[in-house]
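Novice: Sharing a structure, written as structure tokens. Questions coming.
The values are calculated or read from the model by the stated rules, or taken from the named source; none is laboratory data. Note that the structure is predicted; figures quoted are calculated from it, not measured. Cβ coordinates were reconstructed from backbone atoms using ideal geometry, including for glycine residues, and neighbour counts include every protein chain displayed. Accessible surface areas use protein heavy atoms only, side chains included; no ligands, DNA or RNA. Shrake-Rupley method; radii C 1.70, N 1.55, O 1.52, S 1.80 Å.
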Amino acid sequence: MFQTFICLFSWFSVKLWASAFGGEIKSISAKYSGSHLLQKKYKEMEKSVRVEEIDGVKLVKNLAVKMEEVFREKAEATRRLVEAAEEAHHQHEDNPDLQYEYFNAVLINEVDEMGNNVELGGEFLLEPNDHFNNLSVNLSLSVVQVPTNMYNKDPDIVNGVYWSEALNKVFVDNFERDPTLIWQYFGSAKGFFRQYPGVKWHPDEHGVIGFDCRNRKWYIQAATSPKDVVILVDVSGSMKGLRLTIARQTVSSILDTLGDDDFFNIIAYNQEIHYVEPCLNGTLVRADRTNKDHFREHLDKLFAKGIGLLGEALAEAFTILNNFNRTGRGSVCSQAIMLVTDGATEMYDDVFEKYNWPERKVRIFPYLIGRESAFADNLKWMACANKGYFSQISTLADVQENVMRYLHVMSRPKVIDHEHDTVWTEAYVDSLCLFVVDLFMQKNQGILLGVVGTDIPLQELMKLIPKHMLGIHGYAFAITNNGYILTHPDLRPLYQDGQKRRKPNYSSVDLSEVEWEDKDDILRNAMVNRRTGTFSMEVKKTVDRGRRVLKMHNDYYYTDIKGTPFSVGVALSRGHGKYFFRGNVSVEAGLRDLEQPDVALADEWTYCNTEEQHEHRHLTQIQAIKLFMKGRRPNLKCDRELIQEVLFDAVVTAPLAAYWTGLALNKSENSDKGVEIAFLGTRSGLSRTNLFVPADQLSNQDFLTAEDKEGVFNADHFPLWYKRAAEQVPGTFVYSVPFSTALENKSVVLASTAIQLMDDRKSPIVAAVGLQMKLEFFQRKFWTACRQCTALDGKCSISCDTYMCLCALTLLLSQTGLFFGEVEGAVMNKLLQMGSFKRITLYDYQALCKEYTGSSDSARTFLLEFNLYSWWNVDLSVKAQRSRGKTLMVPCDTEYPAFVSERTIKETTGNIECEGCIRSFVIQQIPSSNLFMVVVDKKCDCSKTPPSLKCDRLKFQKDRKKPESCHPFHPEENAMECGSATRLSSALTAALLPLIAATISR
């Protein structure tokens, strides 16, 4: 995007205007930014600076080791909890009459009408703590949450709460050992949830807390091994009405229990076999959020008719599982068939004998829908004969609790093996945390007691990233064994819609969806398979919310993180991004200049680790640096190399503070207060600012504050003005108009330029400096330039005082920052044809679309988060329509254009023929800037026809690394624990026992 200024013209006049305007704005920008002074100061230090090339392989390996240490410490904390829990349970004897008052998370500090504490809600001290997002917590005790549909004083709950009180001491001890820990917890197989530190829970507006730890993905992942599942749904005529409704809910609840390491398919059957998604006939798909939601949509299309031929459906399910397992593409671990039906007229032992006996590799989990029990014996026999579990579901309220029972069966092998597998989940954006969980069991028995876990804030991992070593465009990223992103600067987990909300599929964004130029998934697959290596490719990186695109060549370095299923990578841009410098100044001089009031350090960079020790948490980074460099805190961990760089920058940039102060004090300068702020940033994360007007008079008060995410140093990126300046020709300024998330014009213009250490292509960009000026001031300078005249007699045939030019400039006030194709589509098309601009196709695989439902004409339109040119390059079949139905935000993939200028073309002219009229225009580059002056003859109105844009993304199964732990069966399993809804008849028991005996003897 670029700024446009439109006037009636002649070619010579336009060149004069562009030259005059360019000279004026560069003079202002250089003067108030102090760019010449800063360049001179760095130049003076050139001989004392050592420039080195960054070793990407060494960098990524060091980062992996640091991350490994963080993960190891968190895993050790959970193992201490496991040992304590197992020992506490071993020492406890269940007492059905036990009475015990505990701190219920919902009831604490609640009082009745008489002002007395309610039962299970005693006085519980809570204090705000900034380590826990300023929530009020209790660092000495945990609280217990019980699902709303369970009784707080159920004997099983009370006994479990009683013996698990022993975890409080371990929670506190863990936190004292590792002050970076946040939430620790224990999810009981009985349903209650113990959380440390203690915090009050609040029900929703209906007085309900729907949280049940056993339904959470982290609990299920820890309790069971990866699995391949086929869900069979009976849609025969007897399933009409409520039964089919319950069946749909049952299937949906089963889907909730499947995670990213699981694979599934759904088959509906009556007298025929119907794949719920026909295009996935005969295969399984990964149980990620997108696939599960897709199948849920199809469940509503099921209807009941005909008769049910279960034998053929079972045979189809066994065939799919067998064939898919042989391909090696599934879980290659546990297998199961979930049968949702209202009855079975026979036992189908011939099918099981053909496909599943004697090994019984596929477990059968029948769910009998309805209150009738006529066929319960047959279904329970199927479960018992195939190491499964039988459940009967009579009402919708019974669904969740009954579905969950199969998990205890699937967990039995792992429990009997006494395997304490540490499970690492994907990132959860609600707390921006990564879970590490560990399961534990009743000693010497195959009974799952529960799961313990802790959270790892992604911010803690990001603090390990040496941003100053990665350069302006460099970044680090990490992915899971499934290729899903843990952290990446291009991951956008939230969207803005009145308030920030989570995207539905935020936790399953694949690396290939952000590094999409890697068409063959070379980088992704190497990292998924935990290799160490390098990779290079040309990339197009969007900045400023997709308004602008930067083309560069990236080198990638990657390796695995030991002890976890994760891999980490580093991207370095070629050129100045591959080099850094080491400067040297005295500690005294550096600290003196660092403590000046105009200095700030990158808030999310780690110069000193003030989180590791409780006594350091009150320190600012500058205070910590001072204590560290003076040797007053020997146990304070700091990055000495980064501190040395920031001290060097503090000394070199110090003269600008006096320079800016001199300008501000000179009353003859900036009398109209057109220039508001001067600022600079360095590669070490140091920044300085100077206000030329009072803070309350700033036109854009968000700039350089925490509200301006793209304008400040962040954990994963340099400021936007820094990044764009680095890609400009040295000595030139880049100008831009900042916009808020709502595209609201901030009425200011930003100008910035890069400071290069040496006149060398390999020289690092050591700093960027710039200013903020009022848009009206900027436009006034343009107005003055457009009054320039080339005629010797001073009588110009054209002038900006003419009506046509005046109208265009007035129009400019409301159109500044718009894409030029939106204002002058015909001219933009012509410029593309002439090669002055080039169209680049970009892809956004994290987009959301607004989908209108509830009307006969459902429609979808893009959420204009990145697709800013959509009206000008639009797929005419995809557009917004008014609808009185509900508006939904749904994930979608978009293709959209960006436009870049051809820098070698400084000026050009053209004519556009439209309906018997010829429209002329001139485009002239404004010297020392990124701006073009475009002057258009307004006498013709040339409307444009937007080209069609089609987007079609191929879907295929991407590579993944299977979890190393797998526990599908155990010979000591008690297969007779297979359901309790009804008692097996003596005949069926007699038929089953010989089969079990024969199998165990093997």
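Novice: Hey, can you tell me all the residues within segment 250-271 that are surrounded by fewer than 20 Cβ atoms within 10 Å (Cβ to Cβ) and in a helix (DSSP H, G or I)?
Specialist: Correct list: S252, S253, D256.
Novice: Would you mention how many residues in segment 12-38 are surrounded by fewer than 21 Cβ atoms within 10 Å (Cβ to Cβ) and either without any contact (Cβ under 8 Å) to a residue 40 or more places away in the chain or within 27 Å of K906 (Cα to Cα) (or both)?
Specialist: 13
Novice: Going by the conditions given, is R243 open to solvent by 10 Å² or more (accessible area, probe 1.4 Å), on the phi < 0 side of the Ramachandran plot, outside any strand (DSSP E or B) and in contact with a Leu (Cβ under 8 Å, 6 or more places away or on another chain)?
Specialist: no
Novice: Now a separate question. Got a sec? Which of N159, N149 is at pLDDT below 90 and of a type outside the set (S, T, Y)?
Specialist: After ruling out the rest, the residue left standing is N149.
Novice: Restricting segment 749-777 to residues that are at pLDDT below 90 and part of a helix (DSSP H, G or I), which is farthest from Q701 (Cα to Cα)?
Specialist: Top of the filtered list is E776.
Novice: Just to be sure, is G328 surrounded by 20 or more Cβ atoms within 10 Å (Cβ to Cβ), in the same structural domain as L379 (by the TED database) and either more than 43 Å from the chain's Cα centre (by Cα) or of a type outside the set (A, V, I, L, M) (or both)?
Specialist: Answer is no for this residue.
Novice: I would also like to ask the following. Looking only at segment 73-96, count every residue that is outside any helix (DSSP H, G or I) and open to solvent by 60 Å² or more (accessible area, probe 1.4 Å) and tell me the total.
Specialist: Result for segment 73-96: 4.
Novice: Counting only residues that are not hydrophobic (A, V, I, L, M, F, W, C), give me the strands (runs of 3 or more DSSP E) lying completely in segment 517-613 with at least 3 of them.
Specialist: In segment 517-613, 533-543, 548-560, 567-573 are the strands (runs of 3 or more DSSP E) which contain 3 or more residues that are not hydrophobic (A, V, I, L, M, F, W, C).
Novice: For segment 711-720, state whether one or more residues are farther than 25 Å from L647 by Cα and not in a strand (DSSP E or B).
Specialist: No; the residues of segment 711-720 include none that is farther than 25 Å from L647 by Cα and not in a strand (DSSP E or B).
Novice: Within segment 414-451, can you find the residues that are open to solvent by less than 10 Å² (accessible area, probe 1.4 Å) and modelled with pLDDT of 85 or more?
Specialist: G450, V451
Novice: Suppose we filter segment 272-303 for residues that are free of Cβ contacts under 8 Å to residues at least 60 places away in the same chain, under 23 Å from the mean Cα position of the chain (by Cα) and open to solvent by 60 Å² or more (accessible area, probe 1.4 Å); how many remain?
Specialist: 1
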